[in-house]
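J.: Next up is a structure, given as structure tokens.
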Amino acid sequence: MNETAEQCYHCGQPVPQGFQYRVCIDDAEREMCCRGCQAVAQAIADNGLVEYYRSRTAMPASGQEVLPDELKKLALYDHPDIQRSFVIDAGEHSKEAVLILEGITCAACVWLNERHIKQLAGVISIEVNYASHRARVAWDEREIGLSRILQEIQLLGYNAHPYNARQADQLRKTQRKKDLQRIAIAGIASAQVMMLAVGLYAGAWYGIDPNTVHLLRWFSLLLTIPVATFAALPFYRAAWSGIKSGHLNMDVPVALAIITAFGGSLWVTVMGGEHVYYDTIGMFTLFLLATRLLETGAREKSVEAAENLLKLQPAMALRIRDGQQEYVPVMDLLVGELILAKPGETIAADAVIVDGVSSVDESLLTGESRAVAKQVGDSVIAGSTNLEGPLTLQVSGVGENTVLAGIVRLVDKAQAEKPEIALLADRVAGWFTMGLLAFTLIVGLTWLWVDSSRVFEIVLAVLVVTCPCALSLAVPAALAASGSHLIKRGILVMRGHALETLAQVNHVVFDKTGTLTIGKPEIVSMVNSGVLDDARCNTIAASLEQASEHPLAHAFIRRVEGAILPAVTAARNSPGQGVSGEIDGVAYTLGNREFAQASRGDQSETRIQADFPGATLVWLCDTQRVLAIFVLADPLRADAQAAVAALQARGVSVSILSGDGDAAVAHVAAQLGVKNSHSRQKPQDKLAVLQALQAEGKIVAMVGDGVNDAPVLAGAQVSFAMGTGTDVASQSSDIVLLSSKLQDVAVALDSGKGTLRVMRQNLWWAAIYNLTALPFAALGYVSPWVAALGMSISSLIVVMNALRLR
């Protein structure tokens, strides 16, 4: 057996004698235990990353030599069929994937992975989330493959594998199980210690045998050891990480209080003295763990709400190939293949209907419980439920390329952004922690001079009572609770600042077409000349339009849906004018006034335009007479009037910006009771109007379709886009209304105001509590166990107040 000379500089493992693996780091030869650690350390040194060794807070796994068999396994990740399940196209030659990193133990690990991978040629970006251990990597496939990136991560001593919603959920469950174990140990031990403490307190008052006191203290010590070591371990790790990175987080005073109380009590138990604080340690740790568990649950709800969508997608799909049906794994589906969705089944992939008519439940995405009618040509999303008839579908997206996967990525990105008030709270908490430690030192020195016998008790009470947990939880708890509530309503917040800005909005600007209106022309009226009945006029018009691709044609065909249409001969389409043809030997025209020769003597246009401002008129004529005049308009959304009225009732002013003509815009504005409207607006004109409102001091929210309104959406302080279909994942707005319900704008504004109100309440409560409790603790009026109770209740109030945002 070889004797060891020293520890490996990289991983801390023993270095066997005779091994000659060395790397020059900081002008000194450092010993390594194997060739793998030597390769990692040399890469770190060559790339100027030796700061890692000074910043890390835990040893990594030993570096691994990537053997030929392992290289073969990693090479599989470059195969297009494998990548289909978790890699998305981020550009012409750009790929993006989300990975889970195993072995991340501290902030230095995150720093090392990001810095090292970014230096690889072809890597566009990498962002590692320390809290979730999730890494988002983008690379140019012409210069580097995913297997090379995974190989480099493995060489650093970490393992990376594709992110999976079910796997992430399992990791959360495992962590939650550990948290509950810590709470259970702290709770059981604290209950027993509290009973023993009652005996000690009663004995101090009524008298007790010294040997009994000694025995009770030793029992309390034994019960407290698992609390101070296992249950409180997360606080020690977080505090040490903060100290090493130069950031004094709220866990520093927590860890200091627990260690101080345990060390002092241990000294008194062994050497003798007046007071022990085992009950304070147990109560403090228990309440703090319980509060953290509640806060973690609230924070994860919004992520889980989105990830739960992915878990609803089935694992198998019924594929149709060469007339044969077979069940295959969803990940084996290719874009363009046909699948069958039977009634009651969950749709396996994003797809387009090629055969069949049914209704689909899309409540998982939109929050709307009412089924949506679907027919040939309509899109359906993975995870929605087919309710009625069988549907033959052509696959348009699988895995990471589905709408739901895109939404999960957007939620993940939004959660990484913090609003200003959250950043301010973090900075205040950091300065408060430093101030608290300095104040505690001053209090200790003062009491050392006044009454040295009470120094320990009072310093411990000050540390415990003013722990900045409530201050640090004030904002994240409110944001998490609000985000979870909005996702369930089909409101997707995509920018960290959005909720904070919503609370200040006092002016909302709407686009007209596709936002206030449906965006699809409908026949709202028909003026019949009396020559033919209404049914015959509708049938002739639909027959003439059935071969046309013009958007207006669909309005005529929908009007007689399901009817048998007569054949049309000599059909002719005149772009920009209309269609013509013969039916049963009679020639007909359907189009504008210039196209329909027989309409030129008709005087109905002025009267109809007065009744339907901005509407499009289409004349149906034979060779001599006007048979009917169809009035087409883009109807308002069903909830448009209620949405505008709700905003105005809240004191929010409303404007309409549109590129449509004066009459059409004025008509819509009159219907909605909006006094401020602008017509014939080009994108740059809309932006100019928006900037003029902002110059007046307005905080403006813009609601548009997310495509044509991109410049003005970007110019508003906060923007909404109507999220329908596959465009959801590519929206650049701050908030997407997945349900496409305009009334959700008012809901979002209320949620923003409520969130900001709760955040302020939490911050005020935390500040008032600390400023009130601190003097009492410093003057010796608060015992450590009361301090622990007060701090825990303070944090609990903050979390419970945030959970009101439902």
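Every number in this text was worked out from the coordinates using simple rules, so none of it is lab data. In this text the structure is predicted, and so the values were computed from the model without any measurement. Methodologically, a virtual Cβ is constructed for each residue, glycine included, from the backbone with ideal geometry; neighbour enumeration extends over all protein chains shown.
J.: Which peptide among 670-679, 790-799 comes first, and what is the full order, when sorted by highest mean count of other Cβ atoms within 10 Å?
T.: With the highest mean Cβ count within 10 Å placed first, the list reads 790-799, 670-679.
J.: Assuming R0 = 51 Å, what is the FRET efficiency of Asp639 and Ala570, from their Cβ-Cβ distance, to the nearest 0.05?
T.: Efficiency, from the Cβ-Cβ distance: 0.65.
J.: So how do 323-335, 212-224 stack up, highest first, on mean other-Cβ count within 10 Å?
T.: Descending packing order for the listed peptides: 212-224, 323-335.
J.: Right, here's the next one. Please list 618-630, 519-531 highest first by mean number of surrounding beta-carbon atoms within 10 Å per residue.
T.: With the highest mean Cβ count within 10 Å placed first, the list reads 618-630, 519-531.
J.: Still on this structure, please answer the following. For the pair Trp449/Ser379, report the inter-label distance in nm, with labels modelled 7 Å from Cα in the Cβ direction.
T.: 7.3
J.: Expressed as a fraction of 2.2 N^0.38 Å, the rule-of-thumb size for a compact globular protein of N residues, what is the C-alpha radius of gyration of region 608-685? All intermediate terms of the calculation are to be shown ahead of the outcome.
T.: Details: Rg = 16.1 Å, N = 78, 2.2 N^0.38 = 11.5 Å.
Ratio of Cα Rg to 2.2 N^0.38 Å: 1.40.
J.: Express the relative contact order of region 522-633 as a whole percentage, based on alpha carbon pairs under 8 Å and six or more residues apart in sequence.
T.: It rounds to 29 percent for region 522-633.
J.: Over the alpha-carbon set of region 522-633, work out the extent along each principal axis and list the three values in angstrom, largest first.
T.: The Cα atoms of region 522-633 stretch 36, 28, 27 Å along their principal axes.
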